[in-house]
Amino acid sequence: MELTLNNPADTDWAPQTKVDLQAFNTLSLPAQAAFYCQLQQISDLFAAQQYCQAQELNWMLLGGGSNVVLTDDFNGLVMHMQLSGKNWLTPEQLHHPPAVDDDNLVYLSVGAGEHWDELVAWSLDQGAYGLQNLSLIPGLVGAAPIQNIGAYGVELAHVLHEVMVFDFATGKQFSLSAEQCELAYRDSIFKRQSNWLVVNVTLALSRKPQIQIDYGDIAAHLEATVSIPSAQITPQQVRDAVIAIRRQKLPDPANIPNVGSFFKNPVVSIDKAEQIRSQWPQLVAYKQTNQQVKIAAGWLIDQLGWRGYNKAGVGVHKHQALVLVQLANSPNKSTGLELLNLAQQIQADVERHFGIRLAVEPRLFANTGEISIDAI
Ligand SMILES: Cc1cc2nc3c(=O)[nH]c(=O)nc-3n(C[C@H](O)[C@H](O)[C@H](O)COP(=O)(O)OP(=O)(O)OC[C@H]3O[C@@H](n4cnc5c(N)ncnc54)[C@H](O)[C@@H]3O)c2cc1C
């Protein structure tokens, strides 16, 4: 659904120049933006779009910077998403009618610049449930559909209703239904449409708590800490458990710079998984619905002895082989290229031993735009 253009750009608009991006990416990588602006209202987007077109500038969008690797200074405009706002919508106000008639569902429209975990906490306080398993994922709301964020058995796909998009090539805004976003494991249409910026996300949350604790350590943690029958567990208790488990398992980027999982869990055929298991009986893998198997990438990396490795200021986290880190106490900050060099060594080692090519999860940027690790 297309909307009319009613936000003419401010002709006096100009970006800042030479802005340091180190504090804006959770790997704390050194990089500078030649031009930089904050997007606080839709008119900023129109202004930035016209500026880039007039100056023939490259551009990139940054949210919380928790899923990017900056390998160089950016020779263009870095736009920092800050569009805020939370609004409850009636079913009649939606761009795409609800697929099911469920009186328990409530619709929450959220600006792309809102902080994801603050939204999770706020939604539970409002008695609107569904986000609790996605607690403590860093970053902003607008980035959530980009890789269909997921954790502890829940993905954004379970609660997304629709997304408002700004096309940076045309300046047009339109709405996509959740289905049109083509959400899949760490994937969406936005990875194939590089000009589409998410400006607003509408979630379908439930007034009726639906508890999902059969994934990972949540049930065991709840049993050890609150010890009540599972039918009585509240979404807030699930959130508290997820937060406690994540704090134990994952390094906090404020202390040890990182972007969470550096590689996606590879999905392979049952035959391939069995072939690996014949040599590595302890293989950690999960059956999928479509005759495929998802293998724990961290387990593969761990078997090859990479956990705890460090060199030249970058390394593999000592408790989590899937998380590459910038060593906080290293005298010199490493560059994104040094980190990607380590990632390439891990990819090659895993491929040699298991015959599986690990795909990189975060998005990689060089001085003019996005790059692939294979191009380095
Ligand atoms: C400690 C840690 C734990 C993590 N755990 C998880 C986890 O459990 N599950 C999970 O899925 N992820 C996890 N992540 C990854 C990350 O938090 C998510 O991918 C998050 O959604 C990124 O949000 P961001 O705002 O920081 O995006 P950024 O890093 O700023 O951007 C990521 C990419 O999305 C694009 N982008 C950002 N905003 C928009 C927008 N509004 N419109 C269009 N494109 C946009 C950017 O251009 C970039 O290409 C973790 C990261 C860390 C550091």
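Over every pair of different alpha-carbon atoms in the chain, take the mean of 1/r and invert it; report that Kirkwood radius in Å.
On the way: mean 1/r = 0.0454 Å⁻¹.
Radius from the Kirkwood sum: 22.0 Å.
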Förster-model FRET efficiency, 45 Å R0, residue 185 and residue 12, C-beta, rounded to 0.05: 0.50
Peptide ranges 215-225, 316-326, 280-290 listed from the most packed, as the mean C-beta count within 10 angstrom indicates: 316-326, 215-225, 280-290
³J(HN,Hα) computed for each position of the stretch 209-221 - Karplus, 6.51 cos²θ - 1.76 cosθ + 1.60, integer Hz, glycine/proline x: x, 10, 9, 10, 10, 8, 10, x, 9, 4, 4, 4, 5
Rg followed by Dmax, in Å, when the stretch 123-169 is reduced to its Cα trace: 11.9, 39
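Before anything else, pin down the relative contact order of the chain: Cα pairs under 8 Å, at least 6 apart, normalised by residue count, whole percent.
Numbers: 751 pairs, mean separation 63.3, N = 376.
This gives 17 percent for the chain.
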Per-residue HN-Hα couplings for the stretch 236-242 [Karplus 6.51, -1.76, 1.60; θ = phi - 60°; Hz; x = Gly/Pro]: 5, 5, 5, 4, 4, 5, 4
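Subtract the Cα-Cα distance of residue 87 and residue 252 from 0.36 nm times their separation in residues, and report this length gain in nm to one decimal.
On the way: separation 165, 0.36 × 165 = 59.40 nm, distance 3.06 nm.
Contour length minus the Cα-Cα distance gives 56.3 nm.
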Cα pair distances exceeding 22 angstrom across the stretch 1-138, given as percent: 52 percent
Violating pairs (Cα-Cα greater than 30 angstrom) within the set 18/249; 86/172; 191/294: 18/249
Overall Cα dimensions of the stretch 86-210, principal axis frame, Å, largest first: 41, 32, 23
Segment residue 38-residue 344, extension gain: residue separation times 0.36 nm, minus the distance between their alpha carbons: 106.8 nm
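Tell me, what is the percent relative contact order of the stretch 16-81, built from C-alpha pairs under 8 Å that lie six or more residues apart?
On the way: 119 pairs, mean separation 27.8, N = 66.
Once normalised by length, the contact order is 42 percent.
Full-extension gain between residue 22 and residue 310, please, as 0.36 nm times their residue separation minus the C-alpha to C-alpha distance. Numbers along the way, then the final one.
On the way: separation 288, 0.36 × 288 = 103.68 nm, distance 2.11 nm.
Extending this stretch completely gives an extra 101.6 nm.
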Pair-distance profile P(r), taking every C-alpha pair of the stretch 7-78, with 5 angstrom steps and integer %: 3, 17, 27, 23, 16, 10, 3, 0
Label-point separation in nm, residue 243 to residue 375, each point 7 Å along Cα→Cβ: 4.0 nm
Volume per residue that the Cα convex hull of the stretch 251-375 spans, once the total is divided by residue count, Å³: 119 Å³
For the stretch 43-75 and the stretch 294-356, distance of Cα centres in Å: 29 Å
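Using Cα pairs closer than 8 Å and at least 6 residues apart in sequence, work out the relative contact order for the stretch 251-375, in percent.
26 percent
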Other-chain or far-sequence residues with amide H under 5 Å of residue 200's (modelled H): 112, 164
Amide H partners (placed H, <5 Å) of residue 58, local residues excluded: 77
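Might you tell me the accessible area per residue for the stretch 16-81, computed with a 1.4 Å probe and given in Å²? It would help to have the intermediate numbers written out before the result.
Values: 2610 Å² over 66 residues.
Accessible area per residue, the stretch 16-81: 40 Å².
By per-residue mean of other Cβ atoms within 10 Å, what is the highest-first order of 173-179, 86-92, 155-161, 141-147?
Going from most to least packed, we get 141-147, 155-161, 173-179, 86-92.
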For residue 364, residues with placed amide H under 5 Å, excluding near neighbours: 69, 371
FRET efficiency, residue 232 to residue 73 (Cβ-Cβ, R0 56 Å, nearest 0.05): 0.55
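The values are calculated or read from the model by the stated rules, or taken from the named source; none is laboratory data. Just so we're clear, the structure is a prediction, and the values are computed from it rather than from any experiment. Cβ atoms come from the backbone with ideal geometry, glycine included; neighbour counts cover every protein chain shown. Ligands, DNA and RNA are excluded from the accessible area calculation, which covers all protein heavy atoms including side chains. Shrake-Rupley method; radii C 1.70, N 1.55, O 1.52, S 1.80 Å.
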